[in-house]
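First up is the structure itself, then whatever we jot down about it.
The values are calculated or read from the model by the stated rules, or taken from the named source; none is laboratory data. Since the model is a prediction, treat every value here as computed from it, not as a measurement. Cβ placement follows ideal geometry from the backbone for every residue including glycine, while neighbour counts extend to all protein chains displayed. With ligands, DNA and RNA removed, areas are computed over all heavy atoms of the protein, side chains included. Shrake-Rupley method; radii C 1.70, N 1.55, O 1.52, S 1.80 Å.
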Amino acid sequence: MALEEAQNTAAGNAAAEADATEAEPVGTMTVKRYPVAPGVRLNVRSGPGTDYRLVRILPYGATVPINCQKAGETVTGTYGTSNIWDNIANGEFVADAYVQTGSDGYVARRCA
């Protein structure tokens, strides 16, 4: 499952981890952006699991906003094993196990 969700670079990729300090407005709130694991091109899915349609693939060094989070398929990634999926845009989810949130749990509200 995890290998399906991320496409790693060749050994030696020197992608640096960015701080999650940039923010973007969503409605009246500001949403924090979080870095995707270094050396990972992360699959964006239409729902919280690998069986959902592939929407796009994020480039190396991407940061993502987390609008809300939802329980879904369990995935093992760079930052551990988790069933949390991050909503990064309308109808777009990424596996939280590849996003550096600094937490093993939820860091945003749960998606409705």
Entirely in segment 3-76, the strands (runs of 3 or more DSSP E) that have 2 or more residues that are at pLDDT below 95 and more than 17 Å from Asp104 (Cα to Cα): 6-8, 23-26, 29-35
Segment 90-112 - residue that is within 11 Å of the chain's Cα centre (by Cα) and not in a helix (DSSP H, G or I) and, of those, farthest from Pro38 (Cα to Cα): Glu92
Subset of segment 94-112 [open to solvent by 20 Å² or more (accessible area, probe 1.4 Å) and either under 17 Å from Thr63 (Cα atoms) or in contact (Cβ under 8 Å) with a residue 24 or more places away in the chain (or both)]: Gln100, Thr101, Gly102, Ser103, Asp104, Tyr106, Val107, Ala108, Arg109, Arg110, Cys111, Ala112
